[in-house]
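Since the structure comes first, as C-alpha cells, the remarks are kept for the end.
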Amino acid sequence: MPAGPRLFLAEVDAAHDAVYEAQLGLLDEDERARLARLRLVPVRREALAARLLLRHALSACQPRRPQDWRYLRGVYGRPRVADAPELSFSLSHCAGLVGCLVAPGGRVGLDLEPCARATEELWNARTLAPQELDELLAQAPERRDAAFLRSWTLKEAYAKAGGRGLRLPFDRIAFARAGDGAPRLQRDRAEAPAWRFWSFRLDAAHVGAIALRSRRVAAQAIAIETVPALPYRGAGRVLRPADPF
C-alpha cells in the first residue's frame, strides 16, 4: 500500500440494506455470530456496514479478496490483521456513517461523532484536563458542544490507537494547536511529539479525528476514499493536520 494512511467512508442507511445483506457472506463465522446477537436493527446495520467496509478497505490497500482477511485480538481485545502485520487499522461508526483508517504499521485511531450530539453531561473533570475544562466554560454557550467534540474525538482517536479505549485517563491528556496549526498532544503537560493528529469536520452532520504513531508516516494530507461495494457521496475531500475544526 502507499506510504501514507488511507481513510475510507461509507454511508449507513436502511435504503442500502439490500446492498449490505448481499455481502454478508464476506464475513467469517465469528463476525456473523456477533451480528446475530445484535437485536436492534439499526445497531446491526451499522455493525455490518463497518465490518464490510473494513474488508473492502484492506483489499484496496493490499490485493486480496475481501472474504480472505482474518483477524486476531490483542491486548484489551483490539483486533488486528492475522497475517499482514504491516497493516494497522481503526474502525469508527456513528449516526449514518462508518469509517475505516488503514495505515502502514504503527498505531492508528479513528473517531467519528455526530455534530448534533449533546455533550454537556460529559463536561467534567473525568473527561477534560483542568485547563481544558476552564477554557470550555469560558466559551460562549453555543460554542461549547463543538469545542468539547473537538477535544473528545482527538482523545477517543488517541485512546483507540493506544489500544486502551476508555481505560485511558482522559483528564491527564489535552490538545493544543502547534505553531503550524496542527493538534499537538500534551500528556501530564508534556508534549508527545511522536504522534500526529488530524481534527476535522466531515460535513454538516459529522466531525472526527485521527491519531497516528508511526516512524514511516509524517504529518500529511489524507484523502477521503470510498469502496465501490458500499455507497458514499463525499469522496475526494482532503484532510490536513492544520485544517480548522
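The values are calculated or read from the model by the stated rules, or taken from the named source; none is laboratory data. Fair warning: this is a prediction, and the values are worked out from it, not measured in the lab. Ligands, DNA and RNA are stripped out before the accessible areas are found, and what is left, the full protein with its side chains, is counted by its heavy atoms. Shrake-Rupley method; radii C 1.70, N 1.55, O 1.52, S 1.80 Å.
Considering only protein heavy atoms, what per residue accessible area in square angstrom results for region 118-168 with a 1.4 angstrom probe?
Numbers: 2640 Å² over 51 residues.
Ligands and nucleic acids excluded, the figure is 52 Å² per residue.
Could you give me the radius of gyration and the Dmax of region 86-180, taking only the C-alpha atoms into account and expressing both in angstrom?
Rg, Dmax (Cα atoms, Å): 14.2, 45.
Rounded if a/c is under 1.5, else prolate if a/b is larger than b/c, else oblate: which is region 41-119, with a ≥ b ≥ c the root eigenvalues of its Cα gyration tensor? Kindly include the intermediate steps, with their values, before the conclusion.
Details: a/c = 1.98, a/b = 1.57, b/c = 1.26.
It comes out prolate by the Cα gyration axes.
Got a sec? What order do Trp198, Trp152 fall in by accessible area at 1.4 Å, biggest, i.e. largest, first?
Correct descending sequence by accessible area is Trp152, Trp198.
Quick check on the chain: helices-only [θ] at 222 nm, where DSSP H runs of length 4 and up contribute -39,500 (n - 2.57) each and the sum goes over total residues. Nearest 500, please.
Calculated at 222 nm, the ellipticity per residue is -8000 deg cm²/dmol.
If I ignore ligands, DNA and RNA and count only protein heavy atoms, how much of Tyr76 is accessible to a 1.4 Å probe, in Å² to the nearest 10?
Around 120 Å² of this residue is reachable by solvent.
Below 8 Å, C-alpha to C-alpha, sequence gap of six or more: please give me the relative contact order for the chain in percent.
In percent, rounded to a whole number, it is 22.
Relative to the longest principal axis of the chain, what angle (0 to 90°, nearest 10) does the C-alpha long axis of helix 144-162 take?
60
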